[in-house]
1. Once you have a ≥ b ≥ c as the square roots of the Cα gyration tensor eigenvalues for the stretch 9-151, tell me rounded if a/c is under 1.5, and otherwise prolate or oblate according to whether a/b is larger than b/c.
2. Go through the stretch 23-39 residue by residue and turn each phi into a ³J(HN,Hα) via Karplus (6.51, -1.76, 1.60, θ = phi - 60°); whole Hz please, and just put x for glycine and proline.
3. So how do 107, 51 line up by other beta-carbon neighbours within 10 Å, fewest first?
4. List every residue whose amide H lies under 5 Å from the amide H of residue 110, counting only residues 5 or more places away in sequence or on a different chain, with H placed 1.01 Å from N in the peptide plane.
5. Let me check I've understood the local charge: for residue 34, count other residues with C-beta under 13 angstrom from its C-beta, Lys and Arg +1, Asp and Glu -1. What total comes out?
6. So who's got an amide H within less than 5 Å of the one on residue 44, skipping anything under 5 residues away but keeping other chains? H placed 1.01 Å off N, in plane.
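Nothing in this text is a laboratory measurement; each read-out follows from the coordinates by a stated rule. This structure is a prediction, so every number in the text was calculated from the model and none was measured. When we count neighbours, we look across all protein chains shown, and the Cβ atoms used for this are built from the backbone with ideal geometry, even at glycine.
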Amino acid sequence: MKDINGISLEDAMKAVEGVIGLAGAQDDDPIAITIIGTNGEVIIQAAMDGVMPGSIELSKNKAYTALMTKKETAFWADQEAESTRTGGPRLLENFTNDRFTFFPGGVPVKDKEGRIIGAVGVSGRKGRQEEKEAKLPQDHELAHGAIGTLKKFC
């Protein structure tokens, strides 16, 4: 059953269990994951044992940024890097909401019709994997794993 946000607690729990299971099966840093609804409020939040305390709040902020801007936080990270590289202004300075973050790991959730119905934020590892790195999923890839699970139900 869907809630008013389009993502039910039951579906969000399945996504969190899948991502935590994947992250826990690897010898890498623990993560925190947050799934929020269209109202920007938390549907579910979970943290693995040993995760850095700041990662819990950052996972929420990544989800919030993805929801409010309707873009993955990796997009904003790339834009910020390009602006800095070319001597342009720092983009984050133009945002007035202190919950916005440009760290990769925040991804909007869309329903089958393409409407944004929430967002996922994952924090605790590197933002995303570089091609030359080992194939352990990082925040960005783990957030996409949760999206894949949610798309089965939403």
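1. oblate
2. With coefficients 6.51, -1.76 and 1.60, one gets 5, x, 7, 10, 8, 8, 5, x, 10, 10, 9, 10, 10, 10, x, 5, 7 Hz.
3. Numbers: 107 28, 51 20.
Starting with the residue having the fewest Cβ neighbours, the order is 51, 107.
4. 117
5. With Lys, Arg at +1 and Asp, Glu at -1, the neighbours total 0.
6. It is 35, by chain and number.
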